[in-house]
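The values are calculated or read from the model by the stated rules, or taken from the named source; none is laboratory data. Computed from a predicted model, the values in this text were never measured in an experiment. Please note: Cβ atoms are built from the backbone with ideal geometry, for glycine as well, and neighbour counts cover all protein chains shown.
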Amino acid sequence: MFIAYSDASVKGEETSLAFFIVFEDKSEIKRRIVVNERDNNVAEALALSELLAFLNYYNFKNGTILLDSEAVKIQLKKERKNNKVRKRGRKNRLYLPKGVYKVLERLQIRTQLITRTRNVAHKVCHHKEEFMLSTPISKVNRKYYQGLKTYQDYFMQQSVLDEYRKIHNNPSATFHEAQINLNKEIWLADLVEDTEMTKVYEIHEKRIKVVHDTVVKLWKVNYVQIGNHRRVIKRKKKFMGIIGN
């Protein structure tokens, strides 16, 4: 799946909208748009709308959108629940255009609220001076993992990022970096617990817990199973042979 971020910044006389998308093959697309809008919540909604318009135009399905606007997330929940648009008013101003949730459903996209410090698109908003290099659309490989028949692409809870940063000793790791790497590790790992709702994977000294379709916990134990270590090395060689990295 792809992982996308959207954000807006109202600063001085300029309002910037931005989105940042990372695909399965680690291709990146960055966009920054300057608009005439002084309301921060409306700007955040415009940023999400621009991202969705881009994804819809290229028919990019199956992904997660990360945003840091609680007001926009609340309105997405309301539209999902009511399946209608409320009238505009001072006390209940609309930020999102009608039909946004239907687009999310059609494209099979999940939205998730994250903190601003973890929103990569925030940096894109303020990227004014230098050219932002993006992967050409024609070069994006959405079938990157198709050679791995049993590959599972799981979502990830925000709390897992803290655990990932600590265990990997990488305090600046991004959300998408953690999610991509954990999905790779799950493919390499042994499945040691499997119930109707929960799966636990073992890879070296790490354990990864998945509930339904989402990684919810990552932790470390103080021992390594020799058999697991050998199987992981063998799978890694196969992974590199198919994927090439």
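Structure above, values below:
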item	result
Some residue of segment 104-112 being under 18 Å from the mean Cα position of the chain (by Cα) and part of a loop (DSSP other than H, G, I, E, B)	yes
Residue within segment 225-241 that is part of a loop (DSSP other than H, G, I, E, B) and over 22 Å from the mean Cα position of the chain (by Cα) present	yes
Filter result (modelled with pLDDT under 90, surrounded by fewer than 16 Cβ atoms within 10 Å (Cβ to Cβ) and in contact with a Phe, Trp or Tyr (Cβ under 8 Å, 6 or more places away or on another chain)) within segment 72-122	R80, N83
Residue pairs meeting the criteria (Cβ under 6 Å; at least 6 apart or on separate chains; first under 13 Å from V215 (Cα atoms) and modelled with pLDDT of 95 or more, in segment 168-180; second crowded, with 19+ Cβ neighbours inside 10 Å and of a type in the set (F, W, Y))	A178/Y164
Selection from segment 124-148 of residues that are closer than 11 Å to R31 by Cα and either β-branched (V, I, T) or assigned to a helix (DSSP H, G or I) (or both)	V124, C125
Given (1) touching a residue at least 40 places away in the same chain (Cβ under 8 Å); (2) closer than 22 Å to E28 by Cβ; (3) in contact with a strand residue (DSSP E or B) (Cβ under 8 Å, 6 or more places away or on another chain); (4) assigned to a helix (DSSP H, G or I), index of the condition K184 fails	(3)
First in segment 103-127 and under 18 Å from A45 (Cβ atoms) and outside the structural domain of P171 (by TED's automatic domain parsing), second anywhere and basic (K, R) and not in a helix (DSSP H, G or I), Cβ under 6 Å, 6 or more apart	L107/K61; V124/K30; V124/R32
Condition check for Y151: touching a residue at least 40 places away in the same chain (Cβ under 8 Å) and either not β-branched (V, I, T) or not in a loop (DSSP other than H, G, I, E, B) (or both)	no
Residue in segment 203-211 that is under 25 Å from R116 (Cα atoms) and touching a Phe, Trp or Tyr at 6+ places or on another chain (Cβ under 9 Å) present	no
Residue in segment 172-187 that is β-branched (V, I, T) and exposed (fewer than 11 other Cβ atoms within 10 Å of the Cβ) present	no
Extreme residue, nearest to L161 (Cα to Cα), among residues of segment 203-233 that are exposed (fewer than 11 other Cβ atoms within 10 Å of the Cβ) and of a type outside the set (V, I, T)	D213
